[in-house]
Amino acid sequence: MQAYQREFIRFAIERGVLRFGQFTLKSGRVSPYFFNAGLFNSGSALAQLGQFYAAAVVDSGIDFDVLFGPAYKGIPLAATTAVALADKHQRDLPWCFNRKEAKAHGEGGTLVGAPLQGRVLIVDDVITAGTAIREVMQIIQAQGAQAAGVLIALNRQERGQGELSAIQEVERDFKMPVISIVSLEQVLEYLAEDAALKEHLPAVQAYRDQYGI
Ligand code: OMP
């Protein structure tokens, strides 16, 4: 695990974003951990989060033309990543987002910001079963743009519809990489190293054995 990944996990735990307990997921699975990106809920937390996303972008070497934040949760995530890429990496890139409901007045439509064209990097929080990201792909395809990849904070490394992980299925179906700041594997490594958090390790390992790849 890289230093920024370890720092990110520590940061997410400190902010209460990454929690251990019992949580029912969108997929119906009952998970011993949950990642609630909505709790990066102060100016400094959002700024730091953007820097972690930007570090993952640079680390991956991915090439793209525009950042896209899907409504609602992806919007501040794409915004803070765009700010961090400009501020910390001298890469001033266009970014845009969608509304859930089309507007009939003013500029109209559902897309706001830079034109959604060229190679698009989608920025989101978490992929579990891959349902949310498939909906986003329809927006990109409807614009005639190409998806360059997806950038997320946490890859939960869970099975999708078949034996592959949901993320591998997304990569296969849309021929694009999914980049994450961290994966469950690194969370497990972190838990194993931390005396205070080690008690959560067996439940998370058991969950991975059941639903992981
Ligand atoms: P999928 O659509 O199954 O890939 O689930 C992704 C969505 O689940 C995320 O966009 C979140 O809304 C939510 N989620 C989390 O935010 N954090 C988690 O740790 C797990 C989930 C989830 O419900 O699977």
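The values are calculated or read from the model by the stated rules, or taken from the named source; none is laboratory data. Remember, predicted model here, so these are calculated numbers, not experimental data. Quick note on the areas: whole protein, heavy atoms, side chains included, nothing else; ligands and nucleic acids left out. Shrake-Rupley method; radii C 1.70, N 1.55, O 1.52, S 1.80 Å.
So what does log10 I(q)/I(0) come out to for the chain at q = 0.14, 0.17, 0.19 Å⁻¹, using the Debye formula with one equal point on every Cα and no solvent? Evaluating at q = 0.14, 0.17, 0.19 Å⁻¹ gives log10 I(q)/I(0) of -0.84, -1.23, -1.48. Per residue, the convex hull around the alpha carbon atoms of segment 116-213 comes to 87 Å³.
Taking every DSSP bridge with both residues inside the chain, close to 40 percent are antiparallel.
Helix 184-193 and the longest principal axis of the Cα set of the chain meet at an angle near 40°. When the surface is traced with a 1.4 Å probe over the full set of protein chains, H200 keeps roughly 50 Å² accessible. Counting only protein heavy atoms and a 1.4 Å probe, the chain has 48 square angstrom of accessible area per residue. Considering Cα pairs under 8 angstrom that are at least six residues apart, work out the relative contact order of the chain and quote it in whole percent. After rounding, I find 18 percent. Protein heavy-atom surface of segment 129-213, 1.4 angstrom probe: 46% of the accessible area is carbon and sulfur, with nucleic acids and ligands not counted. Taking θ as phi - 60° and the Karplus parameters 6.51, -1.76 and 1.60, the scalar couplings of segment 63-72 work out to 10, 7, 10, 8, 8, 10, x, x, 5, 8 Hz in sequence order, x denoting glycine and proline. Sort segment 1-121 into rounded, prolate or oblate with this rule: let a ≥ b ≥ c be the square roots of the eigenvalues of the Cα gyration tensor; rounded if a/c is under 1.5, and if a/c is not under 1.5, prolate when a/b is larger than b/c, oblate otherwise. Judged from the Cα gyration tensor, segment 1-121 comes out oblate (a/c at least 1.5, b/c at or above a/b). For the residue pairs K175/K198; K73/K103; K100/K175; K103/K175; K73/K175, the C-alpha atoms sit more than 29 angstrom apart in K175/K198; K103/K175.
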